[in-house]
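Visitor: Can you read through this structure? Questions will come right after.
The values are calculated or read from the model by the stated rules, or taken from the named source; none is laboratory data. Because the structure is predicted, anything quoted here is derived from the model rather than measured. With ideal geometry, Cβ positions are generated from the backbone for all residues, glycine too; neighbour counts draw on all protein chains shown.
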Amino acid sequence: MRVRVRRQPVVSLEPERPEALDDLLVRVAGRDEEAFGRLYDAVASAVFGLVRRVVSCEERSEAVFEEVMLEVWRTAGEFDPGRGRAATWILATTHRYAVESVRPPEVAVGALAS
């Protein structure tokens, strides 16, 4: 007997113009709150979806989502559009935070020590 597993769709952040997210993130680096609001609206669903795939607890997922969006605001200046797309940068940040939130404390501390 074969069991079929229904896979969820892959998280996507592809707007009509991918460079639109790049432009917004560059503006966020300049502390443009309106740009951050637009970026938030564009990426919130995909960011939260990725967090939920990694973090099983809904309450913890919401906290990680908030941490990710704050980190995007704080570190937007580190984004370099010449090295990649904003969507990739945001999802990499999201994945890193989500994984760290479920990693056992002794593994996280050991990783920092090496």
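Visitor: Output the number of residues of region 47-58 satisfying the condition of being in a helix (DSSP H, G or I) and at pLDDT 95 or above. Step through it out loud before you land on a result.
Guide: Restricting attention to region 47-58, the residues satisfying the condition of being in a helix (DSSP H, G or I) are 47-54, 58.
Remaining after also requiring at pLDDT 95 or above: 47-54.
Going through region 47-58 one residue at a time, the tally reaches 8.
Visitor: Against the definition (under 15 Å from the mean Cα position of the chain (by Cα), of a type in the set (D, E, K, R) and modelled with pLDDT under 95), how does residue 14 come out, yes or no?
Guide: Numbers: under 15 Å from the mean Cα position of the chain (by Cα): yes; of a type in the set (D, E, K, R): yes; modelled with pLDDT under 95: yes.
So residue 14 fits the description; yes.
Visitor: While we're on this one: Anything in region 17-33 that is modelled with pLDDT under 95 and surrounded by fewer than 11 Cβ atoms within 10 Å (Cβ to Cβ)? List them, or say none.
Guide: The answer is 17, and nothing else.
Visitor: May I ask you to verify whether residue 107 is over 23 Å from residue 19 (Cα atoms) and modelled with pLDDT of 95 or more? Steps first, please.
Guide: Details: over 23 Å from residue 19 (Cα atoms): yes; modelled with pLDDT of 95 or more: no.
So residue 107 does not fit the description; no.
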